[in-house]
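Colleague: Before I ask anything, here is the structure I am working with.
The values are calculated or read from the model by the stated rules, or taken from the named source; none is laboratory data. Because the structure is predicted, anything quoted here is derived from the model rather than measured. All Cβ positions, glycine included, derive from the backbone under ideal geometry; neighbour counts span all protein chains shown. Keep in mind that these areas ignore ligands, DNA and RNA; they rest on the heavy atoms of the full protein, side chains included. Shrake-Rupley method; radii C 1.70, N 1.55, O 1.52, S 1.80 Å.
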Amino acid sequence: CEAGDHVVAASTIYGGTFNPPHLGHLTAAAAVIATLKLDKLLLIPASIPPHKDLPAGSATAEQRLEMTRMAGEHLGLGSKVETLDMEVRRAGKSFTSDTLAELKAQFPEDELWLLMGTDMFLTLHNWWDPERITRLAGVCTFARTQSDSLEALDRQAEYLRDTFGARTRVLRLPEIVEVSSTQLRELLARGEGQEYLPPAVYGYIIRHGLYGVHYDLKNLPDRELRACACSMIRAKRIAHINGTEEEAVRLACRWGADEEKARRAGILHDITKYLEMDEQLQ
């Protein structure tokens with residue numbers, strides 16, 4: 001719709017600690033964009049979450065911000081997905097009401113929706129300044145696991161509408177990736193759980209030794225090497241990297257060269273592309 005000469009955009013704000021961001025987050029976000037036909041998805045990692053303490057060994061706010069950017073790119077939606085550092089830059093705890101107020105001031109005529117999973121939605125009335133939150137944005141929720149009660153979500157939606165006049169949507173997602181960041185951190189510390197992560201995020205975790213993941217970076221298995229390469233390029237180049245790896249192996253086979261060395265050279269050939277020239281030369 002339009003207001004005067006201004007096109008009213010609909011944006012979803014998806015906040016959280018993203019410690020780390022995983023495919024459960026992304027699957028839900030993609031479904032909400034498609035269902036609500038939204039113009040923009042804004043991913044906003046919290047610096048200091050007000051409702052819980054970050055566990056020992058967590059990634060820093062800056063690291064979580066970078067992993068969230070990589071996860072957003074993994075969706076393949078281009079400019080429809082943006083990762084914002086507004087809560088990382090803001091001093092103190094990351095209150096959602098302050099974030100929404102800042103976004104509303106920046107985009108006064110846009111329609112804002114706040115996206116959250118079951119646990120956050122069921123406690124929203126206990127958050128800091130829920131009246132302000134529900135005045136500034138609609139609230140969209142989804143079940144995070146197959147066992148989550150949709151009836152409980154519907155009851156909470158009705159309570160929020162009656163108490164605060166909130167705009168609410170309860171979505172039935174066609175696909176649910178049942179994993180939490182807490183579970184994933186435990187899996188990663190045991191050398192498991194990689195299938196729940198976008199490759200670039202997994203590569204970033206390897207390179208920085210996060211969540212108890214430790215590898216010799218000079219002797220990585222092929223899967224981990226691919227992930228690290230993905231974390232050093234833009235998502236749009238991943239298909240090119242994969243094609244180069246395949247072609248390098250074919251050429252090595254054709255000319256009798258070492259196929260494994262050719263494979264690894266193909267995987268690594270573009271990893272300095274986004275570095276400054278002096279870094280590339282070094």
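Colleague: Could you run through region 67-84 and say how many residues are over 20 Å from residue 232 (Cβ atoms) and among the charged types (D, E, K, R)?
Modeller: 2
Colleague: Can you tell which of 54, 114, 100 is among the aliphatic types (A, V, I, L, M) and surrounded by fewer than 21 Cβ atoms within 10 Å (Cβ to Cβ)?
Modeller: Details: 114 fails: surrounded by fewer than 21 Cβ atoms within 10 Å (Cβ to Cβ); 100 fails: surrounded by fewer than 21 Cβ atoms within 10 Å (Cβ to Cβ).
Of the residues listed, the single one that is among the aliphatic types (A, V, I, L, M) and surrounded by fewer than 21 Cβ atoms within 10 Å (Cβ to Cβ) is 54.
Colleague: Let me ask something additional. Can you name the condition, by its number, that residue 145 falls short on among (1) of a type outside the set (Asp, Glu); (2) at pLDDT 95 or above; (3) out of contact with any Leu (no Cβ under 9 Å at 6 or more places or on another chain)?
Modeller: Just one mismatch for residue 145, condition (2).
Colleague: Residues being open to solvent by 10 Å² or more (accessible area, probe 1.4 Å) and touching a residue at least 24 places away in the same chain (Cβ under 8 Å): count how many of those fall in region 214-227.
Modeller: Total meeting the criteria: 4.
Colleague: Checking the structure you have, find out if any residue of region 160-173 is among the hydrophobic types (A, V, I, L, M, F, W, C) and farther than 30 Å from residue 133 by Cβ.
Modeller: Scanning region 160-173 turns up no residue that is among the hydrophobic types (A, V, I, L, M, F, W, C) and farther than 30 Å from residue 133 by Cβ.
Colleague: Which pairs do you get when a residue that is closer than 11 Å to residue 15 by Cβ and in contact (Cβ under 8 Å) with a residue 60 or more places away in the chain, found in region 80-91, comes within reach of a residue that is assigned to a helix (DSSP H, G or I) and open to solvent by less than 30 Å² (accessible area, probe 1.4 Å), reach meaning Cβ atoms under 8 angstrom, with the pair 6+ apart or on two chains?
Modeller: 87/99
Colleague: When you go through (1) in contact with a Gly (Cβ under 6 Å, 6 or more places away or on another chain); (2) hydrophobic (A, V, I, L, M, F, W, C); (3) open to solvent by 50 Å² or more (accessible area, probe 1.4 Å) one by one for residue 107, which number turns out not to apply?
Modeller: Among (1) in contact with a Gly (Cβ under 6 Å, 6 or more places away or on another chain); (2) hydrophobic (A, V, I, L, M, F, W, C); (3) open to solvent by 50 Å² or more (accessible area, probe 1.4 Å), residue 107 violates only (1).
Colleague: Here's a follow-up. Looking at region 229-253, I want the residues that are more than 17 Å from residue 77 (Cβ to Cβ) and have a partner that is among the polar types (S, T, N, Q) with Cβ atoms under 9 Å, at least 6 apart or on another chain. Which pairs are those?
Modeller: Correct list of pairs: 232/272.
Colleague: If you don't mind, another one. From the list 267, 205, which residue is modelled with pLDDT of 95 or more, in contact with a Leu (Cβ under 8 Å, 6 or more places away or on another chain) and within 30 Å of residue 115 (Cα to Cα)?
Modeller: So the residue among 267, 205 that is modelled with pLDDT of 95 or more, in contact with a Leu (Cβ under 8 Å, 6 or more places away or on another chain) and within 30 Å of residue 115 (Cα to Cα) is 205.
Colleague: Next question. So is residue 186 outside any helix (DSSP H, G or I), among the charged types (D, E, K, R) and either more than 17 Å from residue 75 (Cβ to Cβ) or in contact (Cβ under 8 Å) with a residue 40 or more places away in the chain (or both) or not?
Modeller: No; evaluated as a whole, the condition is false for this residue.
Colleague: What pairs come up if the first residue lies in region 146-158 and is on the phi < 0 side of the Ramachandran plot and surrounded by 11 or more Cβ atoms within 10 Å (Cβ to Cβ), the second is hydrophobic (A, V, I, L, M, F, W, C) and not in a helix (DSSP H, G or I), and their beta carbons are under 6 Å apart, counting only those six or more places apart or on different chains?
Modeller: Pairs that qualify, where the first residue is on the phi < 0 side of the Ramachandran plot and surrounded by 11 or more Cβ atoms within 10 Å (Cβ to Cβ) and the partner is hydrophobic (A, V, I, L, M, F, W, C) and not in a helix (DSSP H, G or I), are 153/170; 154/170; 157/170.
Colleague: Hey, does region 70-80 have a residue that's modelled with pLDDT of 90 or more, open to solvent by less than 70 Å² (accessible area, probe 1.4 Å), among the hydroxyl-bearing types (Ser, Thr, Tyr) and at negative phi?
Modeller: The answer is no; no qualifying residue exists.
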